[in-house]
Amino acid sequence: MPFGQHLIDRGVITPQQLVEALEAQRLDQIPVGEIAIAKGYLSYREVTRILALRVDDRHASDLFGDVAVELGLLTREQVEELLEDQRVTRMPLGEFLVRNGALSEDRLEAELREYRTPIEA
């Protein structure tokens, strides 16, 4: 069970608070294109080209990495690496819940301990 669902099930946060924290987390993440530039996989010009194509109707629903692979600018393995880099640099959900005032740091720590404790049969 995801940590956010654990918090809802225990009555610690509301579903709305979880949605708001997840949205804040999503908006706070470093874009894949920026990571690709930093790693030297793509130039600024190439990232701009990919983003421009995503505005086009034919690519509007395509993900950044899919367009980059289609154009031959990145391999699927590079995209997976970039997505992993993006994931590990993302601030944990609990930090957003504390920042938004949904719970205190002490309560977050207590809930994390509870969440990580194995359920004994």
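Taking only C-alpha pairs under 8 Å that are 6+ residues apart, what is the relative contact order of the stretch 32-89 in percent? That works out to 35 percent.
For the chain, the relative contact order comes to 33 percent (Cα pairs under 8 Å, sequence separation of at least 6). A Gaussian network model of the chain, with springs between Cα atoms under 10 Å, assigns the largest mean-square fluctuation among S104, S43, S61 to S61. Under 20 °C and 1.002 mPa s, how fast does the stretch 32-89 diffuse according to Stokes-Einstein, given a Kirkwood radius computed over C-alpha pairs? Answer in µm²/s, whole number. Reported coefficient: 190 µm²/s. Seen from all directions on average, the chain presents a Cα convex hull projection of 10.0 nm². Taking Lys and Arg as +1 and Asp and Glu as -1, the other residues whose beta-carbon sits under 14 Å from that of I50 total -2. Taking 0.36 nm per residue of separation and subtracting the current Cα-Cα distance, fully stretching the chain between A24 and Q5 would add 5.2 nm.
The numbers here are math on the coordinates, done by the rules we state, and not lab data. Quick caveat: nothing in here was measured; it's all calculated off a predicted structure. Positions of Cβ are generated from backbone atoms using ideal geometry, with glycine treated the same way; all protein chains shown enter the neighbour counts.
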